[in-house]
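Each remark here refers to the structure printed beneath this line.
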Amino acid sequence: MPFIDVKNLSVHDPVQQKDLVANITFSLQQQRCLAVIGESGSGKSTVAKALIGLIPSSLEVEGAIMFNGETLTTQTAEQWRGKRIGFISQDAMNAFNPIETIGHQMMETFQRHLGLQGKEGKAHAIAGLERVHLKNPNELLKQYPYELSGGMLQRVMIAITMMLSPDVIIADEPTASLDAYNRREVIMQLQRLKEETGAALIIISHDLGVVQAIADEVLVVHQGEMLEHRPADKVFTSPEHPQTKHLLETRRRLSAPLEALRQQQRVRAFPC
């Protein structure tokens, strides 16, 4: 039985009389990574928000969302968001309260979901920061979000998620605002997170380089509709739908000048 089973997931806007996403269907096993890709405005993030229970009440959600045999649409979001389903936001800075320290926010989360308080909560926070290779965790706990870079904040979110040991992790554009170095670091941490917790990972991304590095399966969305859901290597080597081919070709065209520059730099660094 699949660990995640989503059938005919649709999100409808009754005011505009349109579907934001329609009839999204997929399944996923534990320790597997599904990437949801598509152009801007295709409905990728709407899928993520529907899975985590963050769709505004003004919109209508239909379909079945099953996690480990449980129908989550019959439960309140608070019952399954956090400990059982971890969510890593694309906007790391806005994910934290700017007037509370990193340590306070981490320990508050661990108290709410794990019942850890005081020294236990602090030790759990330090262990999480160490697991994502952030230096001087004791000092970092005293800092405020604005004192950390975007890459560091993203890793703090991953540390919190890792220490909650959720069954499912949903990451919405986790590398969108990061430079190449921090993007690589976050990819490595997400891979570790999946392997160490045994969780199923769903990553929403427009960065096909990230998808190719981490995904086992790819679901392609266009204008709210699912075009194909196949193993990642098949999508990248033999895309079936014309829109998927367009996405891959666009990525190749955009990355070609950068790759040419890298080749020039290699020649200059190591001339024959």
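Readers should treat all values here as calculations from the given coordinates under stated rules, not as data from a laboratory. Predicted model only: the values in this text are computed from it and were never measured. Note that we place each Cβ from the backbone using ideal geometry, even for glycine, and neighbour counts take in every protein chain shown.
Dipole of the chain computed with +1 at Lys/Arg Cβ and -1 at Asp/Glu Cβ about the Cα centre; of HIS229, MET188, ASN23, farthest Cα towards the positive end is MET188.
Taking amide hydrogens as placed 1.01 Å from N in the peptide plane, the amide H of ILE88 sits under 5 Å from those of ILE170, ALA171, ASP172, each at least 5 positions away in sequence or on another chain.
Amide H contacts of ALA199 (H built 1.01 Å from N, in plane; Pro and chain starts excluded): GLN31 sit under 5 Å, all sequence-distant by 5 or more or on other chains. Each residue in THR46, THR244 was given a count of other beta-carbon atoms within 10 angstrom of its own, and listing them fewest first yields THR244, THR46. Dipole magnitude for the chain: computed about the Cα centre from +1 point charges on Lys and Arg Cβ and -1 point charges on Asp and Glu Cβ, it is near 820 debye. Projecting label points 7 angstrom from Cα along Cα→Cβ for ASN23 and SER10 puts them 0.9 nm apart.
Among all the lysines, which ones have a C-alpha under 18 Å from LYS119's C-alpha, if same-chain residues fewer than 8 places away are not counted? By straight Cα distance, LYS119 reaches LYS142. The value of relative contact order for the chain, using C-alpha pairs under 8 Å at least six residues apart, is 25 percent. Rg over Rh for the chain works out to 0.99, using Cα positions for both radii and the Kirkwood form for Rh. Per q in 0.13, 0.21 1/Å, what log10 I(q)/I(0) does a Debye calculation on the alpha-carbon atoms of region 66-220 return? Debye curve over Cα of region 66-220, log10 I(q)/I(0) at q = 0.13, 0.21 Å⁻¹: -0.58, -1.46.
Farthest towards the positive end of the charge dipole of region 4-269, among the residues PRO242, VAL11, ASN136, is the Cα of ASN136, using unit charges on the Cβ of Lys, Arg, Asp and Glu. As a proxy for reagent exposure, ranking ASP233, ASP172 by other Cβ atoms within 10 Å from fewest up yields ASP233, ASP172. Listed by chain and number, the lysines whose alpha-carbon sits under 17 Å from that of LYS234, ignoring those within fewer than 8 places in the same chain, are LYS245.
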